[in-house]
Structure formats: C-alpha cells, structure tokens
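Chemist: Below: one structure in structure tokens.
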Amino acid sequence: MYEIGSAKTDITCFIPDVGMMGYGIYDNRVEEIETPLHARAFVIHDPDNDTTLAFVSAEICFISPAIKRGVIEQLVQKHPQIPLSDESVMLTAQHTHSGPGGYNHYPLYNFTVPGFMPEIFNGIVGGITKAIALAYESRT
C-alpha cells in the first residue's frame, strides 16, 4: 500500500503594478487580487522500496529552473527529514497568464515585468515547499 498525502498552499505573491507573466505587454499590470493562486502538492511514499515522490501543480505561468532549484534547496535546508531530491520532485504549472511575473532568472522573461522580483520568487518557492512539506506530513 502506498502512503499518499496532499496539501494546498497560497502562492499569490501580490505586489501592485508588477507585470503579469507571459503577456509581453508592458502596460498589463497587476492591480488587485481577484482570485488567489495556489500550489497543490501530492506526496507518494512506497514503503516496500522506501521511495518517495512529490508532484506539484502551481497556478503560475511556468516552472523555471530557478524555481525548481529554490524548492529543492529549501527542502534540503528546512525539511531534511523528507527524503526528496531533484530527481523525485516534479513541479508543473497550469500556465496561467493571470499571475505575477518576475520570478525567472532569465532576462527575456522579465523584460516587460520589469525585472526579477525576489519577493515574488521567494513567495512562490516558499509556498511550493510548504505544500510539499504539508503533503508529506499528511501521508496516510
């Protein structure tokens, strides 16, 4: 029998006047929150071979390599008891353009945002990491 846990956390990261990711239009700015954004995590543990996997669906435009690295680093630092690594964590996005930009380290994606926004990056990484940790703790 697999042990499975799930969790949902907020990753809204609202900062007024930040560009929305993926539109490529400088004037398309975040003015208010209409619908919060979430990360949904599922953790699956196979006790027979002692393997653990995490799957996360985040309501953002896409998962950047920086987001994945940040989540793995936080899991190692803040939750060393969770046996996950780069190979056992799958991060996906729903590809919404209704979320903030500025969470990518590649300048081209941040051209109309404008720029990298550490607050948004840290909020998304922290929310995803929290969802994974809560899902791991809720396994049954």
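The values are calculated or read from the model by the stated rules, or taken from the named source; none is laboratory data. The shown structure was predicted, so the numbers you read here are calculated from the model rather than taken from an experiment. Here the Cβ positions follow ideal geometry from the backbone for every residue, glycine too, while neighbour counts run over all protein chains shown. Accessible surface areas use protein heavy atoms only, side chains included; no ligands, DNA or RNA. Shrake-Rupley method; radii C 1.70, N 1.55, O 1.52, S 1.80 Å.
Chemist: Compute the long axis of helix 118-137 from its Cα atoms, compare it with the longest principal axis of the Cα atoms of the chain, and write down the angle in degrees, 0 to 90, nearest 10.
Modeler: The two axes meet at around 20 degrees.
Chemist: Excluding residues on the same chain fewer than 8 positions from Lys130, give the aspartates and glutamates whose Cα lies under 13 Å from its Cα.
Modeler: Correct list for Lys130: Asp10, Glu73.
Chemist: Before anything else, pin down the relative contact order of the stretch 41-140: Cα pairs under 8 Å, at least 6 apart, normalised by residue count, whole percent.
Modeler: 35
Chemist: Whole number in Å², please: accessible area per residue of the chain, 1.4 Å probe, ligands, DNA and RNA not counted.
Modeler: 55
Chemist: Based on the mean of other Cβ atoms within 10 Å per residue, sort peptides 67-79, 43-55, 92-104, 123-135 so the most packed one is first.
Modeler: Output ranking for 67-79, 43-55, 92-104, 123-135: 123-135, 92-104, 67-79, 43-55.
Chemist: Assign unit charges at the C-beta atoms only (+1 for Lys and Arg, -1 for Asp and Glu), then state the dipole size of the chain relative to its Cα centre in Debye, rounded to the nearest 20.
Modeler: 120
Chemist: Shifting gears a bit: For the chain, what is the percent of antiparallel DSSP beta bridges, rounded to the nearest 5?
Modeler: Given both bridge residues lie in the chain, the antiparallel proportion sits at roughly 80 percent.
Chemist: Separate question: Please give the helix 65-78 orientation as an angle from the longest Cα principal axis of the chain, in degrees from 0 to 90, rounded to the nearest 10.
Modeler: Between the helix axis and the principal axis of the chain, the angle is about 50 degrees.
Chemist: Going toward the positive end of the dipole of the chain, with +1 on Lys and Arg Cβ and -1 on Asp and Glu Cβ, which of Asn122, Val56, Pro36 do you reach last?
Modeler: Asn122
Chemist: Counting pairs of alpha carbon atoms under 8 Å apart in space and at least six apart in sequence, what relative contact order in percent does the stretch 89-135 give?
Modeler: Computed over the stretch 89-135, the figure is 28 percent.
Chemist: Calculated from DSSP H runs of 4 or more alone, at -39500 (n - 2.57) each and per residue, what is the 222 nm mean residue ellipticity of the chain, nearest 500?
Modeler: Result for the chain: -8500 deg cm²/dmol, rounded to the nearest 500.
Chemist: Probe radius 1.4 Å, ligands and nucleic acids ignored: give me the carbon and sulfur share of the accessible area of the stretch 85-140 as a rounded percent.
Modeler: 61
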